[in-house]
Every structure is written in structure tokens, then in C-alpha cells.
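For reference, the structure discussed in these notes is given below.
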Amino acid sequence: MTLWLDIAVQTPAHSQIGGLLTYRHFRQSRETGMPTEGALVRVPLGSRSLLGVIWAIHDSPPADLRADSVRDIEGLLEGIAPLPAVWRQMVQFAAQYYQRSVGEVAMAALPPQLRDLSAIQMGRRLKKQARASTDETPFAPGLALSKQQSDTLAQITAQPGPFLIFGATGSGKTEVYLQAVQRQLESDPLAQALLMVPEINLTPQLEERVNARFGAERVVSMHSGMTPAQRLNSWMAAHAGKARIVLGTRMAVFASLPHLQLIVVDEEHDPSYKQQEGARYSARDLAVYRGRLEGAKVILGSATPSLESWHHSRPAAQGGRYQRLVMPERVGAGQLPFVRRVDMNKQPRKTVLSSQLLTDIQARIQRGEQCMLLLNRRGYAPVLHCADCGWKSECSHCSAFRVFHKLDRTLRCHHCGFTERVPRACPSCGNADISPMGRGTEQLEEHLAELLVNVRRPDGQAVRILRIDADSTKHKGALESQLAQVHSGEVDVLVGTQMIAKGHDFRRITLVAAINPDNALFSSDFRAPERLFSLLMQAGGRAGRDAGQSSQSEMWVQTFHPQHDVFAALKQHDYPAFAASQLKQREQASLPPLSYQALLRADARSQAVAQLFLNATSQALQAQAAQDPSMAELLNQVSLFPAVPMSMQRVANVERAQMLIESASRMALQKVLATLQPLMHSVRSSPEHKGLIRWLVDVDPLAI
Ligand code: ADP
Ligand code: ZN
Ligand code: ZN
């Protein structure tokens, strides 16, 4: 008997083979297993042998196919259970929604080693895993919950969700997640839970806490920092139902979990939940979709929810779909920091730290408290320049300046990586006196050391300053050891980028200062105020987490615009007011979450070609609408904007343009996008688009 199989395999992006490929399977004898939907197979493609997933099985060949052109599968991967139907449904949805092929999404969702290992190697792995112990040690007891925490947990137990926990920084959200997980796992001996975090490396504390609570043998991690072998092991443990908890970053949303019953998305506002290449999915949105599909409860949590989730959690009577659970108080008697806005217009020119702030920092160090200074720019200075001729340290490959790094005397482009030693003199006029403009974390660290040279800690020792940013944490383990220094109290002042603002449970910090947050105020991106507010609120949330501290914790904001809405709302710790005013503006301008967007992006050798391609696509769409009334009706509901250069127009010698597509109807937008792919393939074949390198579609883009 012959079977015809639709199989998802990795096909090159934008190849015309968008969907599934058809293969054949002869059943000759009993020794070859029977193919089932969801099973993993190896199939030939060209001269290669690829991993695939059986998507559908038919008794007869598809009508449009020449039977003699179909190849046979090479074999089934024995010993690994088929991927569940709901998993395939989620992958299919993601592929369709984010405009990629099913095979690409499916293969990206599987651990790479599954593709690479031979049958023998795989067999060995499976045996080893079968031997691994599954001792059932009891769970460690949770903390005694505060009233606020137990009320929240009771709601989660009683209601279907999805939930948005809107809980202040330090309100004990994590404990609620853990106890919700515990309840679920105890109520069903097979139940599995997925716990998602923005970046695991940033929160080693959480991993320890989860392992300690549930037993390390029940927990697996999934994130990009793992070796291929580790990823395969985690994946198989989850797929086999052995791992009860998967703790992971965005990629974990695709983990195969046959008994999934609970999904937690911690810090749900974090932009790193959006994948920025390949299928540009939002793991948060997919988590909600997956929860509904599988009947698993979904908990999103944040002190500064995304405006999308906030809007979805409005009262049900107004159309809200998520249930909002509020936790305004910090655990114990910890108070949120008092916010001080320093008007930098009243400071002497070129002031880095206002004198009041400096005095306060000194006093806190002398009392044995810690301070944290946030400056969202790494390196010594963002630009080096020559006052004589006006030369600036531009990158020759990008529309950006190269950043001056004093520690290793380099000029480095943070976009393409182009690095050179700092020139001794101006490359343009020979002037020996070239100087840094602006300030980065390296410079702030150096400057602070000078300012604090005479200050002593309570033990009489000199002040210790630590910088944490992408440069200081390049080497494996560096971040962990740096965070440990902060936790142990070795460090008095912590200087860093947004990396230090996220999620850490620092116990001794009583002062947080944003040194120069103004840049974000005037960005052309409509999400900039939301992001800035969230960053500052999260940063402030690191202060005063220990109620035992005797002094009032403070958050200082040095700004030239002290009256700005963002800072006024921050002063009141009033996220709901801030969200309401932002949503109102978004509504007036028809922006998300009150409309839906997609970006069409083109990369080319020249800006003209990139834009031409996008505009030609738009014209082709309109031409199609002129022929087809149903298309015309769809286009009526959608705005197509002209192509424009991206705000970072050139990166690594590639010119980038984008075209915005917007609609009040998600369905209309989706339907238009679906017609775009074949259209772009035909537009591309025209000779005037020579020089086009690639295009991509970003659905629900996070940056405009
Ligand atoms: P969030 O995630 O809301 O910022 P965390 O869950 O990290 O807050 O809790 C903040 C701190 O309070 C942590 O150190 C945590 O161990 C502690 N904590 C949380 N809940 C309780 C509780 N019920 N009793 C005592 N301490 C708690
Ligand atoms: Zn010069
Ligand atoms: Zn560059």
C-alpha cells in the first residue's frame, strides 16, 4: 500500500515552495513503522537528507501532482513520539500569522541536534534519557502568602483566565507564579507548566529558586545560551512528559509539552518576547493563543504591562478578554521609592551628576547602602569628533557613529561591528586634539571614581564601583559573578545600562538614578514613551526592596524636561494614569493596540531600489484590486503608506526601507498580507529591482 505524506521541511525563506512538500511511503513489511501525523521523518531534498514532520497523510496522490516526480521518505525517526496535533496547529497558526512557511517555523521550533544526529546517535541519547532517574522528591514548601498574594492565587484557581497580574515591583508576583505552578502540578501527576522569562541570563536567581522549589530533576531550561546537546536533552525531557516545568525564553513557547496546563509569561511587557529574525513572532501573543488552544491557563505578569495587554484586560463589559488581577503593595512594608526630578536647566552647563544627587550618593555609601546609576549607553562616548574640521567618528558601512571605547582604545560600530583603533589625530585634518562628545557608561564609571575618591564605606575602605553592560559581561559567567558582587554588598555603586534595571531582586539598593533619560522623549517611535516609562519604573523598582532599610529609598531623574508626562506619572508611580493617557493618544492617532500594523521591509544595494520594490508591490496590490471587487473591499479597510527609509537607514552597507500597512481590522490586514507574498515574488522578477537583497514582513512590529 502506498501513502502520500505532506511533510514540513526547512525550505529556504522566500523560495517558491512556501508550504508543505509531498513524499511517498511504501508499506512493504511490518518492520518499517507506520507513518502517523506528527511523526518525525528523514526525507531527501535535492541531494540532501532533511528532517521533516508529517503534517498530513493521504491514501491517494494530490490531484495536481505528477506521481512519478514524488520521492520516498528515507525513514521514520523511531523512539520519539509524534508531535501532538495541538503543537502542529500552533506552528501552523504562527506560520500563517507571521507570514512564513510552516516548515521554517516547525524546524526552528525543534532543537537543531534533532536534525543533525544520526539514527544511532539518537538511539544512544534516548537510552541514556530513559535511564535518567525520576525520583519523586516532594516539592519544597512555598512562602506563607500575603493577603494580596493569596487573593490573586485564589482568582487564578477559580477563573479560566487569561490573567494579567498587574503587580508593583517587589509585590511578590514570582511567588504567586510558583504557587500556581505547584497547585497545577499537584492536582494532576502528569501536568506540565511553562514558565517564560525575557532573558534567563539576567535572572540566575529565578532559575535557582525554581529548582529549589520543585527539584532540579523536574525542571528543564530552554534558551539560546545552551549547547545543542543541552537543548536536545531539555526538549526531549519536555516532549516525553518527564520534565514537569520548562523555564525558558521566547523560544520555549514552541516547546512540545504533551500535558501543558499552565503558561506564565513573566515581565510580559519586555520587548525580547518578540523574535527579530525569521518568523518574527511574539512569544507572549503565541502563549495566549496556545493556552486557548490547549485549554491551559495563561498568566501574564508585569509592573508595567504592555499597552496591548493592559488594553486587553479592560473590563469585560468594554470588550476586555483578559482578567486583570492587581497587586499594588510590596511584600512586607517595603515602600516604592520617592521620585525626585532634577531640573538640569538649573544646573551648571555640562553637569554630569547634580550636586544634590552626588551628596545623597555619598551619604548613602557612608551608611553602607548601595546606589544604582542607569545610563542607557555603553562605551565611553557615543561619538568622537574634531573641533577644527568637524570630523565625526562615522561608520563607513552604516548610518551611525562609531562609539569610542576608552578601555581598549577602539572605535566600534554597534550595528555592524566594524572596529578600529582610535586614531592619534583627526583622520581628516590631522589635528591631534580629537575629543569625545556625549557620555557612556565607561565614562560615567571613570567620572564617579574621581568624584568619590575621598568617600569611605562604613568599614573605612574605598568606594567600590561596578559597571554592568554588554561590554562588561561578554565572557561566560561574567554577569553572574558581577550580580553576585552586588548581592553580597561588595559593591557600593552600580553603573549600567538597561541590563541592571530588569527583574533583579537587589536587597540593599536604596537609590536609583537615571542620569540622562531624555533622548527617548523625542524619538519618532510612538512606543518610545511607553518603553521609557517602563524602563524607569522597573529601574526604580530595584530600590527599597528591603523593608528593613531605615532610610527612605529614592529614584532620581535628571532631566531637562521635568514637567514631561512620563516623569510626572513616574513621580506618582501611576501606571494606570500613564496608560490611560497613552491609550487616548493612540486611539486618536489610530495606533496599536487600537489598530493593527505590519511592516514590509526591503533591503537592497541602494535606497532607491529598496523603496521602488516596496512601492511597486503596493501598486501591484492596487492593480489587483482594480480587477477584483473583493480585493478592493479588503483594501478599503487597509492603509498602505509609501515606502520610507528606516530610521537606521544603512547597516553593513545594506540600504533598508520600510512600508507601513495599517488596519482597524486584524482580519483584513491578515488577508492582505496573505496575498502579498506571491505578489512580491512576481514583482521581484522585474529587472528594475536588480540589487534587491531580501524582503521580510514584520507583523505587529515593535519598532516603527
Ligand atoms: P516581584 O516579582 O513582584 O517583583 P518577587 O516575587 O521577586 O516580586 O518578591 C520580592 C521579594 O519578596 C523576594 O525577595 C521574595 O522572596 C519576597 N517574597 C515574596 N513573597 C513573599 C512572602 N509571601 N513572604 C515573604 N517574602 C516574600
Ligand atoms: Zn579634523
Ligand atoms: Zn557599522
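The values are calculated or read from the model by the stated rules, or taken from the named source; none is laboratory data. Quick caveat, the model's predicted, so the values are computed rather than measured. Glycine also receives a Cβ, built like all others from the backbone with ideal geometry; neighbour counts cover every protein chain displayed.
Filter the range 654-668 down to residues that are under 14 Å from Ala598 (Cα atoms) and assigned to a strand (DSSP E or B) and give me whichever is farthest from ligand 3 (Cβ to nearest atom).
Here the answer is Ser663.
Those residues that are in a loop (DSSP other than H, G, I, E, B), in contact (Cβ under 8 Å) with a residue 40 or more places away in the chain and not charged (D, E, K, R), I need them from the range 33-49; list them, please.
Gly33, Pro35, Thr36, Gly38, Ala39
How many residues does the range 461-478 contain that are crowded, with 20+ Cβ neighbours inside 10 Å and not in a strand (DSSP E or B)?
Qualifying residue count, the range 461-478: 4.
Answer yes or no as to whether Gln362 is at pLDDT 95 or above, in contact with a strand residue (DSSP E or B) (Cβ under 6 Å, 6 or more places away or on another chain) and polar (S, T, N, Q).
So Gln362 does not fit the description; no.
From Phe506, Phe533, which residue is within 23 Å of Val352 (Cα to Cα), of a type in the set (Phe, Trp, Tyr) and in the same structural domain as Leu451 (by TED's automatic domain parsing)?
Of the residues listed, the single one that is within 23 Å of Val352 (Cα to Cα), of a type in the set (Phe, Trp, Tyr) and in the same structural domain as Leu451 (by TED's automatic domain parsing) is Phe533.
Can you tell me which residue among Leu325, Leu307, Leu262 is within 24 Å of the chain's Cα centre (by Cα), among the aliphatic types (A, V, I, L, M) and over 28 Å from Leu536 (Cβ atoms)?
Leu262
Tell me the residue from Arg324, Arg341, Arg349 that is in contact with a strand residue (DSSP E or B) (Cβ under 9 Å, 6 or more places away or on another chain) and either closer than 23 Å to Thr174 by Cα or at pLDDT below 95 (or both), please.
Exactly one residue qualifies, and that residue is Arg324.
So that you can scan it fast, the table gives a plain yes or no per residue for (1) of a type in the set (Ser, Thr, Tyr); (2) crowded, with 22+ Cβ neighbours inside 10 Å; (3) assigned to a loop (DSSP other than H, G, I, E, B); (4) in contact with a Phe, Trp or Tyr (Cβ under 7 Å, 6 or more places away or on another chain):
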| site | (1), (2), (3), (4) |
| --- | --- |
| Glu490 | no, no, yes, no |
| Leu494 | no, yes, no, no |
| Asp505 | no, no, yes, no |
| Thr510 | yes, yes, no, no |
| Leu521 | no, no, no, no |
| Arg531 | no, no, no, no |
| Arg545 | no, yes, yes, yes |
| Gln552 | no, no, yes, yes |
| Trp556 | no, yes, no, no |
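Considering only residues that are more than 23 Å from His689 (Cα to Cα) and either within 16 Å of ligand 2 (Cβ to nearest atom) or surrounded by fewer than 15 Cβ atoms within 10 Å (Cβ to Cβ) (or both), which ones fall in the range 604-636?
Ala626, Gln627, Asp628, Pro629, Ser630, Ala632, Glu633, Asn636, listed by residue number.
Taking the options Glu294, Glu208, Glu277, name whichever one is among the charged types (D, E, K, R), farther than 30 Å from His487 by Cα and without any contact (Cβ under 8 Å) to a residue 24 or more places away in the chain.
Going through Glu294, Glu208, Glu277 in turn, the sole match is Glu277.
Can you confirm whether Ser639 is farther than 19 Å from Glu688 by Cα, within 16 Å of ligand 3 (Cβ to nearest atom) and touching an Asp or Glu at 6+ places or on another chain (Cβ under 9 Å)?
No.
Let me confirm something: among Arg183, Arg209, which residue is of a type in the set (Lys, Arg), within 16 Å of ligand 1 (Cβ to nearest atom) and more than 22 Å from Arg290 (Cα to Cα)?
Of the residues listed, the single one that is of a type in the set (Lys, Arg), within 16 Å of ligand 1 (Cβ to nearest atom) and more than 22 Å from Arg290 (Cα to Cα) is Arg209.
Those residues that are assigned to a helix (DSSP H, G or I) and modelled with pLDDT under 90, I need them from the range 55-106; list them, please.
Ala67, Asp68, Ser69
Taking Ala577, is it outside any strand (DSSP E or B), surrounded by fewer than 20 Cβ atoms within 10 Å (Cβ to Cβ), in contact with a helix residue (DSSP H, G or I) (Cβ under 8 Å, 6 or more places away or on another chain) and without any contact (Cβ under 8 Å) to a residue 40 or more places away in the chain?
Yes; evaluated as a whole, the condition is true for this residue.
For the range 618-653, give me each residue that is assigned to a loop (DSSP other than H, G, I, E, B) and farther than 23 Å from Gln607 by Cβ.
Asp628, Gln637
Out of all the residues in the range 413-459, which are of a type in the set (D, E, K, R) and in contact with a Cys (Cβ under 9 Å, 6 or more places away or on another chain)?
Asp433
Residue by residue through the range 395-433, note down the ones that are without any contact (Cβ under 8 Å) to a residue 24 or more places away in the chain, within 16 Å of ligand 2 (Cβ to nearest atom) and under 20 Å from Asn376 (Cα atoms).
Phe401, Arg402
Could you check the range 347-405 and list, in sequence order, the residues that are away from ligand 3 (no atom under 16 Å from the Cβ), among the small types (Gly, Ala, Ser) and buried (at least 17 other Cβ atoms within 10 Å of the Cβ)?
Across the range 347-405, the qualifying residues are Ser354, Ala381.
Against the definition (of a type in the set (A, V, I, L, M, F, W, C) and either buried (at least 20 other Cβ atoms within 10 Å of the Cβ) or at pLDDT 90 or above (or both)), how does Ala39 come out, yes or no?
yes
Do the conditions hold for Ala539, that is, is it modelled with pLDDT of 95 or more and under 27 Å from the mean Cα position of the chain (by Cα)?
no
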